Amino acid sequence: MKIMENQSTYYELEPSWDELDKIAPILESFFSKNSISSEHYDPIYMVTTELVENSIKYGSFHKNNQKIFLSLKNKKNRIVIEVKNPISEKSVSHLSKLDSKIQWIRGFQNPFEAYVERLREVSSKTLEEGESGLGLVRIAYEGQSILDFYVDEENNLIVTAEYVL
């Protein structure tokens, strides 16, 4: 489902990996309607995909009707991507890790430095050690986006990425 308000477009997505296939047409429509140059498509696509993937991985979808909400906003010289998903009481450790990772990225003068450091860390791990943790660093560096998050009054996690055109 698509809902439009001013320069914002909202989409409801199921918490399913198949939903990632919907991102390309969503972005193509958004770019077309907002007259955004195609040179910005690849980084925005990567950022949006990473945020939705994280939502699928870490969201708490216990009820059948719970969805992921994707918001795309065109604000003058920037695009704001928001992904919202329900979380549970048990998500506190995930939120702490999310906050630490975002603060760690911000601690570098340039996101490229965080990216290189994270690649070093990942290259020293074995495959059995689990996830790479590269997603947020990719958003900051490759996606040239500023990350933030908050939890709303309904216990939903909203992660935002702001991309300057």
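The values are calculated or read from the model by the stated rules, or taken from the named source; none is laboratory data. Remember, predicted model here, so these are calculated numbers, not experimental data. Positions of Cβ are generated from backbone atoms using ideal geometry, with glycine treated the same way; all protein chains shown enter the neighbour counts. These area figures cover heavy atoms from the full protein model, side chains too; ligands, DNA and RNA do not enter into them. Shrake-Rupley method; radii C 1.70, N 1.55, O 1.52, S 1.80 Å.
Couple of notes before you dig in:
- Each residue, TRP17 and TYR41, gets one label point 7 Å from its Cα in the Cβ direction; the gap between the two is 2.6 nm.
- Each Cα pair under 8 Å and six or more residues apart adds its sequence gap; the mean of these over the residue count of the stretch 42-82 is a relative contact order of 27 percent.
- Bins of 10 Å from zero: percent of alpha-carbon pairs in the stretch 1-135: 10, 34, 36, 18, 2
- Near VAL151: Cβ cut-off under 11 Å, other residues only, Lys/Arg at +1 and Asp/Glu at -1. The net charge is -3.
- Within the accessible area of the stretch 71-152 (1.4 Å probe), percent carbon and sulfur: 50
- Residue-count net charge about ILE56 - beta-carbon cut-off 12 Å; Lys, Arg +1, Asp, Glu -1: -3
- Computed over protein heavy atoms with a 1.4 Å probe, the accessible surface of the chain works out to 58 Å² per residue.
- Bridgeable aspartates and glutamates around LYS22 (alpha carbons under 17 Å apart, same-chain partners fewer than 8 residues away excluded): GLU12, GLU14, ASP42, GLU50, GLU53, GLU82.
- Helix content alone sets the calculated 222 nm mean residue ellipticity of the chain: runs of n ≥ 4 DSSP H residues at -39500 (n - 2.57) each, divided across all residues, give -12000 deg cm²/dmol.
- Charged neighbours of TRP17, selected by a Cβ distance under 13 Å, balance to -3 (K, R count +1; D, E count -1).
- Reachable lysines, given that their alpha-carbon falls under 16 Å from the alpha-carbon of LYS33 and they are not under 8 places away in the same chain: LYS2, LYS73, LYS75, LYS76
- Comparing ASP21, ASP148, ASP42 in a Gaussian network model of the chain, where Cα atoms under 10 Å apart are tied by springs, the biggest mean-square fluctuation is seen for ASP21.
- Between ASN64 and LEU134, the distance separating the two model label sites (each 7 Å from Cα on the Cα→Cβ line) works out to 3.9 nm.
- Whichever lysines have a C-alpha closer than 23 Å to that of LYS125, once near sequence neighbours (fewer than 8 apart) are set aside: LYS57, LYS97, LYS101
- The ASN34 and ILE158 beta-carbon pair, evaluated with R₀ = 25 Å, returns a calculated FRET efficiency of approximately 0.70.
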